[in-house]
Amino acid sequence: MISVKKDMRNLYGAARDQGLRPTCLCFATSDAHAVRRTTSFTQLSVEYLYYMGVQRSAKPPSSNGVSVKSITLALDLDGQPLESSWAYLPALPNPLSNWKPPVVTEVFKRKLDSTVFSVSKLVNALDSDVSGVLVVKISEAFYSPDQEGFVDSPAGDRDTGIHAMVAVGHGLHGTTPVILVRNSWGSDWGVNGYGWLTADY
């Protein structure tokens, strides 16, 4: 049973699904940005942020996504418009030369603090109503949270890659500190797209 200490799920809209594209960092950053920008959650264009991140990385779009540095620069220097300005694409167009942002009249920029947080700093930020974008190694257990959304990582649980998500709360699973995360794999993952990770995870 999870004892919830902080929960900001009510500030966000429905969890979205990135599909097969390597855009988790852009989804997490966009959602955290949207919550900080206004008191009423309005989705920002993930596609625009990803495009600008790719331009800032000087590398072509790939299955590896974009770096924190590239997204930090893109959000600070290029910003992102509302989702309605350039809706998320299920796949990049072919030919790739057709992948170009529309002309937008308004973008929203933000400087990101890319400090490596300790769990205690993250909890303090959450208690101050500030979400955190987490970039972490995930494991096989991450794919199958329990009915509470808790990811139980047993001995021998194997890493499967790097993934980004938004930290939106914290609590205790028994006596173990846990962080509430918003994922970008749609509402079928965890509990409506949210799950709990232990501090050690």
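The values are calculated or read from the model by the stated rules, or taken from the named source; none is laboratory data. From a predicted model like this one, the values you see are computed outputs, not experimental measurements. Using ideal geometry, Cβ is built from the backbone for each residue, glycine included, and neighbour counts are taken over all protein chains shown. SASA here: full protein model, heavy atoms, side chains in, ligands and nucleic acids out. Shrake-Rupley method; radii C 1.70, N 1.55, O 1.52, S 1.80 Å.
A few remarks follow.
- Cα-based Rg and Dmax for the stretch 103-150, where Dmax is the largest Cα-Cα distance (Å): 15.9, 44
- Here the calculated FRET efficiency for N124 and D188, from their Cβ-Cβ distance with R0 = 30 Å, stands at 0.40, rounded to the nearest 0.05.
- Pairwise centroid distance, computed over Cα atoms, of the stretch 95-126 with the stretch 153-201, Å: 21 Å
- When the inverse distances between all different Cα atoms of the chain are averaged and flipped, the Kirkwood radius reads 17.4 angstrom.
- Just the protein heavy atoms count here, and of the accessible area of the chain at 1.4 Å, carbon and sulfur take up 52 percent.
- Surface analysis of the chain yields an accessible area of 52 Å² per residue, using protein heavy atoms and a 1.4 Å probe.
- Neighbourhood charge, 10 Å Cβ-Cβ cut-off, centred on S70 and excluding it, Lys, Arg +1 and Asp, Glu -1: +3
- Each Cα pair of the stretch 68-139 feeds into the Kirkwood radius, which the Stokes-Einstein equation turns, at 25 °C and 0.890 mPa s, into a diffusion coefficient of 162 µm²/s.
- Working from label points 7 Å from Cα in the Cα-to-Cβ sense, the V135 to K6 distance is 2.2 nm.
- Dimensions of the stretch 24-118 along the principal axes, based on C-alpha atoms and rounded to the nearest Å, stand at 40, 29, 21, largest first.
- Anchor K121: lysines whose Cα lies under 26 Å away (excluding residues fewer than 8 positions away in-chain): K5, K6, K69, K109, K111, K137
- Compactness ratio for the stretch 95-201: Cα radius of gyration over 2.2 N^0.38 Å (N = residue count) comes to 1.27.
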